[in-house]
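Worksheet: the structure to be examined is printed underneath.
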Amino acid sequence: MKSRNFIIVIILSVLVSVCLLYERSIARSGKVIAPTKVAVVNMQKVIVESKKKKDYDVKYKAYTDTANKELKDIKAEIDASREALKLLKPISDEYAKVGNSILEKETLLEVKSKYYQKAIPIQQQRWIDIAYLSMAKEVQKIAEAEGYDLVLDQESARVVYYSTEIDITDIVLKAWDDGK
């Protein structure tokens, strides 16, 4: 916890330094600028407490319930086939046919299990990625409407939005190329 707070303090210090450098460079150029307006947003809280997340959770549960039912049904078919196999003569054609059917169903069960083990987390991460991008667009709209120059994620201290007015890339590039 202390190391995370330390990292956030460092990041905020760097951001403030960048803002001050920008303001000084603008002052040297004679432009008049307003102070940088900074805001924070807890993106994790927005995701967790949103109606969209609750709606997704309902869909996610339905999907996982369907997947689990599918796997359970295949397992039940395998068990039923094994019971049927006990009633057949081991050297009969029907015995071989049911035995092959069991192998096919076991293979299908294994493949589907592995598929769901990989697909479900991918589906969850995809939803989070899409949600984050959508929220970032909302943050941008709000920041522009409210006049914020910089918006940081409260948990990670990552920049969610910044105004092009505070982007000093060209100034730094010129200063570096000029050897200053």
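Apart from one condition, Gly179 fits all of (1) under 22 Å from Ala39 (Cα atoms); (2) at pLDDT below 95; (3) exposed (fewer than 13 other Cβ atoms within 10 Å of the Cβ); the exception is (1).
Taking the criterion of being surrounded by 12 or more Cβ atoms within 10 Å (Cβ to Cβ), among the hydroxyl-bearing types (Ser, Thr, Tyr) and modelled with pLDDT of 95 or more, the only residue of the stretch 94-110 that qualifies is Ser101.
Here are some residues: Ile130, Ile91, Ile142. Which one is among the β-branched types (Val, Ile, Thr), free of Cβ contacts under 8 Å to residues at least 24 places away in the same chain and exposed (fewer than 11 other Cβ atoms within 10 Å of the Cβ)?
Ile91
Taking the stretch 38-53 as the range and being touching a helix residue (DSSP H, G or I) at 6+ places or on another chain (Cβ under 7 Å) and either part of a helix (DSSP H, G or I) or closer than 13 Å to Ile130 by Cα (or both) as the test, the residues that pass are Met43, Val46, Ile47, Lys52, Lys53.
With respect to (1) in contact (Cβ under 8 Å) with a residue 60 or more places away in the chain; (2) touching a strand residue (DSSP E or B) at 6+ places or on another chain (Cβ under 9 Å); (3) of a type outside the set (D, E, K, R); (4) in a helix (DSSP H, G or I), the lone exception for Ile171 is condition (2). The condition (being of a type in the set (Phe, Trp, Tyr) and touching a strand residue (DSSP E or B) at 6+ places or on another chain (Cβ under 7 Å)) is satisfied by just one residue among Tyr132, Tyr148, Tyr116: Tyr148. Based on this model, can you work out whether Lys37 counts as more than 27 Å from the chain's Cα centre (by Cα) and modelled with pLDDT of 65 or more? Judged against the criteria, Lys37 is a match. The residue that is farthest from the chain's Cα centre (by Cα), among those in the stretch 40-67 that are in contact (Cβ under 8 Å) with a residue 24 or more places away in the chain and within 30 Å of Leu103 (Cα to Cα), is Ala67. Filtered by the rule that a residue be buried (at least 16 other Cβ atoms within 10 Å of the Cβ), more than 18 Å from Gln44 (Cβ to Cβ) and among the small types (Gly, Ala, Ser), the stretch 145-176 gives a lone residue, Ser163.
The values are calculated or read from the model by the stated rules, or taken from the named source; none is laboratory data. Since the structure is predicted, the reported quantities are computational estimates derived from the model, not experimental observations. Methodologically, a virtual Cβ is constructed for each residue, glycine included, from the backbone with ideal geometry; neighbour enumeration extends over all protein chains shown.
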